[in-house]
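**Student:** For reference, the structure I am asking about is given below.
The values are calculated or read from the model by the stated rules, or taken from the named source; none is laboratory data. Remember, predicted model here, so these are calculated numbers, not experimental data. Cβ placement follows ideal geometry from the backbone for every residue including glycine, while neighbour counts extend to all protein chains displayed.
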Amino acid sequence: MQHLLSPKQVANAIGASESSLKRWCDQGLLTTVKTAGGHRRIPVQEALRFVREHNHAVVEPHILGMSATDDRKGRRIEGCAERLATALLTNNEQACQAIVFDLFLAGQPVSQIFDEVIAVAFRTIGEKWKCHEADIYEERCSCQIALRILHELRSKQTPPNSGLVALGATIEGDQYALPVTMSEIVLREVGWDARLLGSSIPFDSMANAIQQIEPRMLWLSISFISDESAFIAGFNRLFETASKTNTAVVVGGRALTTEIRARLHYSAFCDTMRHLEEFAKTLRRQAEIAPTKTRKPRKNA
Ligand code: B12
């Protein structure tokens, strides 16, 4: 069920007056829905979009369903990666949430939070694991916390309505869940109906999904390759399937070395979530200018 807020609640969340809030609604800065009794209500995702885009300070984040903040130092990216690594390794989930959600509420692009805070924190954790300063269970536990935070961020996004479907996955044997989940959130942030199929999906199954759903984009995060030749053959076959439905194949991930990439067919390679965001925006603009003629509307799309 949709979580709806009254204008007064949103006003309280950002320390504004109820009349200002109602004026912004009247100006169309906030999209509202009407209750059966004719009262205006604001979906929580819409309130968050407004707050982020218009740079409002949030004084009562819990009203917006965010378990964030207690101070303002977390509103800048600098220093957040180190703090997050420490909070993850000490299993302090509340502190982890505060770091990420503060940045989110402050309007920092999710792509930047992912590239410059979460990925950097995990690099630190990886280094500590390598030097035996962090145990395997601490690394795994950190991943679980990060995934819960990513799922919560996703639930706070406005549902996409562009009709542009993107499917995402990791390849068989690749258990790395964070980058592929981040990609879904980044794509949804720029209006794509991004649907993460999951981790460790065989190429044949991905091909079936492409044929049935005919997405405009397939994104693959490739962090681990067990058999290089089988991967290259399977991937290039998948690219052929994707070409038939005019599906752009976008790839990224630490396992894609320059040598491997030279042997692959794909539409775009991205080093970062920021790159993905920019590419997705461009592709969206192109799709809006020239919708694909062959693609027919699907019941469950
Ligand atoms: C967590 C983790 C794992 C977990 C993941 C669990 C999970 N549920 O996700 C698991 C348990 C799978 C794991 C396993 C192993 N791991 Co590990 N792991 C890590 C760790 C600590 C974090 C990885 C991560 O998720 N980072 C966060 C993501 C978001 O960052 P990222 O991968 O850099 O992604 C960024 C970009 O690459 C890009 N990107 C990535 N994918 C995509 C996709 C698209 C479409 C786009 C646009 C962009 C993009 O954007 C991201 C954000 O900027 C790294 C350390 C590190 N340096 O990253 C080691 C690390 C990758 N692991 C390592 C190793 C050695 C292993 C094992 C071999 C250990 C073992 N002996 O069993 C196995 C591999 C087995 C396997 N089958 O995969 C080494 C790899 C060394 C090397 N030179 O290759 C690392 C670097 C640790 C280290 N310092 O030594 N690991």
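**Student:** Do you know which of the residues in the range 156-195 that are more than 12 Å from the ligand (Cβ to nearest atom) and assigned to a strand (DSSP E or B) is farthest from Ala146 (Cα to Cα)? Quick ask: steps written out before the conclusion?
**Tutor:** Kept after step one, since they are more than 12 Å from the ligand (Cβ to nearest atom), are these residues of the range 156-195: 156-165, 188-193, 195.
With the extra rule that they be assigned to a strand (DSSP E or B), the set shrinks to 165, 193, 195.
Numbers: Val165: 25, Asp193: 22, Arg195: 19 Å.
This residue is Val165.
**Student:** Filtering the range 265-282 down to residues that are under 14 Å from Thr247 (Cβ atoms) and out of contact with any strand residue (DSSP E or B) (no Cβ under 6 Å at 6 or more places or on another chain), which residue is nearest to the ligand (Cβ to nearest atom)?
**Tutor:** Ala280
**Student:** Could you count how many residues in the range 117-154 are over 14 Å from the mean Cα position of the chain (by Cα), near the ligand (Cβ under 9 Å from one of its atoms), assigned to a helix (DSSP H, G or I) and not aromatic (Phe, Trp, Tyr)?
**Tutor:** Within the range 117-154, residues that are over 14 Å from the mean Cα position of the chain (by Cα), near the ligand (Cβ under 9 Å from one of its atoms), assigned to a helix (DSSP H, G or I) and not aromatic (Phe, Trp, Tyr) number 15.
**Student:** Something else: Do the conditions hold for Pro179, that is, is it closer than 23 Å to Ala262 by Cβ and buried (at least 21 other Cβ atoms within 10 Å of the Cβ)? Before the answer, list the steps.
**Tutor:** Numbers: closer than 23 Å to Ala262 by Cβ: yes; buried (at least 21 other Cβ atoms within 10 Å of the Cβ): yes.
Yes.
**Student:** Further, regarding this structure: Does the range 248-264 hold any residues that are away from the ligand (no atom under 14 Å from the Cβ) and either among the hydrophobic types (A, V, I, L, M, F, W, C) or touching a residue at least 40 places away in the same chain (Cβ under 8 Å) (or both), and which are they?
**Tutor:** Ala262, the sole residue that qualifies.
**Student:** Could you list, in sequence order, the residues of the range 132-148 that are of a type in the set (A, V, I, L, M, F, W, C) and surrounded by 12 or more Cβ atoms within 10 Å (Cβ to Cβ)? Write out each step before concluding.
**Tutor:** Start the filter on the range 132-148 by keeping residues that are of a type in the set (A, V, I, L, M, F, W, C), which leaves 134, 136, 141, 143, 145-147.
Ala134, Cys141, Cys143, Ile145, Ala146, Leu147, listed by residue number.
**Student:** Out of the residues in the range 1-46 that are charged (D, E, K, R) and part of a strand (DSSP E or B), which is surrounded by the fewest Cβ atoms within 10 Å (Cβ to Cβ)? I'd like the intermediate steps shown before the answer.
**Tutor:** Initially, the range 1-46 is screened for residues charged (D, E, K, R), giving 8, 18, 22-23, 26, 34, 40-41, 46.
Among the residues that remain, those that are also part of a strand (DSSP E or B) are: 34, 40-41.
Working: Lys34: 9, Arg40: 17, Arg41: 18.
By that ranking, first place goes to Lys34.
**Student:** Under 6 Å between Cβ atoms, at least 6 apart or on separate chains: pull out the pairs that start in the range 114-129 with a residue that is farther than 17 Å from Phe101 by Cβ and end on any residue that is in a helix (DSSP H, G or I) and within 6 Å of the ligand (Cβ to nearest atom).
**Tutor:** Pairs found: Asp115/Met273; Ile125/Glu139; Trp129/Glu139.
**Student:** In the range 235-259, what count of residues is obtained for those that are under 18 Å from Leu164 (Cα atoms) and in a helix (DSSP H, G or I)?
**Tutor:** Final tally of qualifying residues: 3.
**Student:** May I pose another question? Name the one entry in Thr86, Thr69 that is modelled with pLDDT under 90 and under 27 Å from Cys143 (Cα atoms).
**Tutor:** Matching residue, one of Thr86, Thr69: Thr69.
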